[in-house]
Amino acid sequence: MDTFYDALETRDATSRERALFAALPAQVALARQRSPAFARLLADVDPATVQDRATLARLPVTRKAELLALQQASRDSGGDAFGGFATEVWGPVMPRVFASPGTLYEPDGARPDHWRMARAFYAAGVRAGQLLHNSFSYHFVPAGAMMESGAQALGCTVFPGGTGQTEQQLQAMVELRADAYVGTPSFLRILLEKAAERGTALPHLRRALVSGEAFPPSLRDWVAERGVRAFQCYASADLGLIAYETEAREGLVLDEGVILEIVRPGTGEPVADGEVGEVVVTTFNPVYPLLRFGTGDLSAVMPGPCPTGRTNTRIRGWMGRADQTTKVRGMFVHPGQVAEIGRRVPGVGRMRLVVSGEMADDRLLLRAECASADGGVALRLGEVVREVTRLRAEVELCALGSLPNDGKVIEDGRSYR
């Protein structure tokens, strides 16, 4: 069993499908009975009838942007912070609550490994008794806690490095002799570059689990040349682990605790295996029972099982966005945030947030129409971009009417090769 986290990873596909859909009616019933939002969405649904993919596909898709709007509307009207999607609000079953840019609130859960991350660590070669250096944020967003809970469930000790402070993080990695790293691939590169610049050896650092950004083969090979075998996982604050990379390096294997569908963007209609579409996920989270949650990410199902012997479905990984929401330096940026920037700075017309560069080297430019080339407006826009998105951006002022009238407010021009 050293190759696999547990026996679930090697069960036959029929047994897995039967087990997931045997458990699904109870999850639908829980959502309908204890989540006010799903009580409305599923008012005409008999949970006992949701027993296969065909009946699941009849349930409505709730997309991330819609969840954000529903949360905001609930808060504005005096309702709960989660838009009625959580089964509990505060108390011991929800030890913490986090905020992602938007602002979108996500509940923690009291179960061990609430986000089911241990499986991804195991596939990346991380083992019990090792020290994991966690460079995901512990502030506001749940990424740091997501990874920490998974590593601790596996039996690791965790150093909560968080973001920034490169020199101090590198010092801790050296002095504590960290065995593994978890964080964004771009920050791993920064740490390894800083180590080389200082002539600092990291002989114990051999494994890494990266997420939050695309991880192109060129960066994977660059990291490997410096002695670190890094693997990627696909996870979100709403859903936890969705899929993870294995030693085979052939796509991402689905987590055992999710039901994944690939649907035609903008609809809830599943597409044929191999066709690119939006990733829609159903989990069995008792605190936040998201059913048919549309991630906005594009991917496709790959044929056949993983060469490692894991039998679950594989997907091709992240292939872009089904909507304009995009991820920059590990943070989601929503069209609504661009509108909020405009509301805070008077005198600005159309705006377009342009993401460029190669993955792991994102550059952000806000192009804004303005009647004058006032440097004060540009300075203020830069400040507001950081306030709203927590990201730094250059600002370019444009003449009124010069930006295309095509409804696009976020343009992703990065190279993913």
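Every number in this text was worked out from the coordinates using simple rules, so none of it is lab data. Because the structure is predicted, anything quoted here is derived from the model rather than measured. So basically every Cβ, Gly included, is an ideal-geometry build from the backbone, and we count neighbours across all protein chains shown.
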Between Ala248 and Glu383, take the C-beta separation as r, use R0 = 45 Å, and let me know the FRET efficiency to the nearest 0.05. 0.45
At 0.36 nm per residue, and after removing the present C-alpha to C-alpha distance, how many nm does the segment from Glu275 to Arg226 gain when stretched out fully? 14.0 nm
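Need one word for the range 248-341: rounded, prolate or oblate. Basis is the Cα gyration tensor (sqrt eigenvalues a ≥ b ≥ c); a/c below 1.5 gives rounded, then a/b vs b/c decides.
prolate
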For Ala99, enumerate residues with amide H under 5 Å from its amide H, sequence gap 5+ or separate chain, H modeled in the peptide plane. Glu106, Val141
Rounded, prolate or oblate for the range 331-412? Axes are the square roots of the Cα gyration tensor eigenvalues, ordered a ≥ b ≥ c, and the cut-off for rounded is a/c under 1.5. prolate
Rounded to the nearest 5, what is the percent of antiparallel bridges among the DSSP beta bridges in the range 331-412? 45
Checking Gly347, Gly357, Gly274 against a Gaussian network model of the chain (alpha-carbon springs below 10 Å), the top fluctuating residue turns out to be Gly347
Quick one: order Phe21, Phe121 by neighbouring beta-carbon count within 10 Å, fewest to most. Phe21, Phe121
How would you rank Lys327, Lys194, Lys64, going from fewest to most other Cβ atoms within 10 Å of each one's own Cβ? Lys194, Lys327, Lys64
For Glu396, which sequence-distant residues (separation of 5 or more, or a different chain) have an amide H within less than 5 Å of its own amide H, given hydrogens modelled in the peptide plane? Leu366, Arg367, Ala368
Looking at Leu403, Gly347, Ala393, which one has the Cα that reaches farthest to the positive end of the dipole of the range 331-412 (charges on Cβ: Lys, Arg +1; Asp, Glu -1)? Gly347
Order of His204, His139, His133 - criterion: other Cβ atoms within 10 Å of each residue's Cβ, fewest first: His139, His204, His133
Compute the distance in nm between two label points, each set 7 Å from the Cα along the Cα-to-Cβ direction, one at Met319 and one at Gln165. 4.1
Residues whose modelled amide H sits under 5 Å from the amide H of Arg321, counting only those 5 or more places away in sequence or on another chain, are Leu298
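List every DSSP H helix in the chain whose Cα atoms extend 30 Å or more along the helix's own long axis and whose mean Kyte-Doolittle hydropathy is at least -1.0.
13-34
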Options [x] 37, 22, 20; [y] 32, 30, 20; [z] 39, 26, 21 for semi-axes √(5λ) of the Cα gyration tensor in Å; the value derived from the coordinates is listed as [y]
Among Leu291, Leu241, Ile262, whose Cα lies farthest out toward the positive end of the dipole of the range 240-302, if unit charges sit on the beta carbon of Lys, Arg (+1) and Asp, Glu (-1)? Leu291
For the chain, with only Lys/Arg (+1) and Asp/Glu (-1) charged at the beta-carbon, what is the dipole magnitude about the Cα centre, in debye rounded to 20? 220
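Just to verify a number: FRET efficiency for Asp361 and Glu17, C-beta to C-beta distance, R0 = 35 Å, to 0.05?
0.30
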Tell me, how many Å apart are the Cα centres for the range 127-199 and for the range 43-99? 32
What is the dipole size for the range 331-412, taken about its Cα centre, with +1 at each Lys and Arg Cβ and -1 at each Asp and Glu Cβ, in debye to the nearest 20? 280
Taking Cα pairs closer than 8 Å and at least 6 residues apart, the relative contact order of the chain in percent is 13
Residue farthest toward the positive end of the dipole of the chain, with Cβ of Lys/Arg at +1 and Asp/Glu at -1: which of Met117, Gly251, Gly84? Met117
Would you mind working out the magnitude of the charge dipole of the range 345-391 relative to its Cα centre, with +1 at each Lys and Arg C-beta and -1 at each Asp and Glu C-beta, to the nearest 20 Debye? 140
